[in-house]
Amino acid sequence: MLIKMHRRYPGLAGLLLATLLAGCTGLFGSVKYHPVITEQKSIPHVSVVVSYKADGIYQVQVRNNLSASVSLLWSSSAYVNTGGDTTRLIHIPNLNNFPADTSVVQIPSPIRRGGKFKTYFVGESWIDYSRRGVSPRPKDSESKAKIYLSFNIRDKRVYWTGDVTFVPDK
């Protein structure tokens, strides 16, 4: 049928074929990615492990092996996406109750000496996607994103840094 249409209406047949192929690509060619986080800059005596949960939500686990308490400073922690845009991180203490207002200053999370801490976070610019259970897509899946977690350690700001690589789901 497309061959007959192409002979009679070459422009229309091409447009229909392009529309059909675009629709198939949207259904079958939509690639989903799983972020993999690799530590780039550690903090001595403070173990930080960041992993991806789902739908733009990340999990952080901290173990404080120092003789003093430390604090995770949410208001100065950030995510830099693959396009170089920076968004601050929003602390999600309860996955069933996302913060209603992200414009306020966030309270730091203290971690006592010898203590462990586990919680979740999301980038402010995609929090609405996470609320709806939708995974945000990287702007450029070939580039790396970065996570910067800011800690207050003995009245000094210290950053943990991780690279985020996007691996296609199988």
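Couple of notes before you dig in:
- Residue in the stretch 104-117 that is at pLDDT below 90 and part of a loop (DSSP other than H, G, I, E, B) present: yes
- Count - residues of the stretch 31-67 that are open to solvent by less than 50 Å² (accessible area, probe 1.4 Å) and either of a type in the set (A, V, I, L, M, F, W, C) or within 19 Å of the chain's Cα centre (by Cα) (or both): 17
- Residues in the stretch 141-151 that are open to solvent by 60 Å² or more (accessible area, probe 1.4 Å) and part of a loop (DSSP other than H, G, I, E, B): 142, 144.
- Extreme residue, farthest from residue 163 (Cα to Cα), among residues of the stretch 68-87 that are in a loop (DSSP other than H, G, I, E, B) and not hydrophobic (A, V, I, L, M, F, W, C): 69
- Residue check for residue 130: more than 30 Å from residue 68 (Cα to Cα), open to solvent by 60 Å² or more (accessible area, probe 1.4 Å), in contact (Cβ under 8 Å) with a residue 40 or more places away in the chain and of a type in the set (S, T, N, Q): no
The values are calculated or read from the model by the stated rules, or taken from the named source; none is laboratory data. The structure presented is a predicted model; accordingly, all values stated were derived computationally and were not measured. Virtual Cβ from ideal backbone geometry, glycine too; neighbours counted across all protein chains shown. For accessibility, only protein heavy atoms count, side chains too; no ligands or nucleic acids. Shrake-Rupley method; radii C 1.70, N 1.55, O 1.52, S 1.80 Å.
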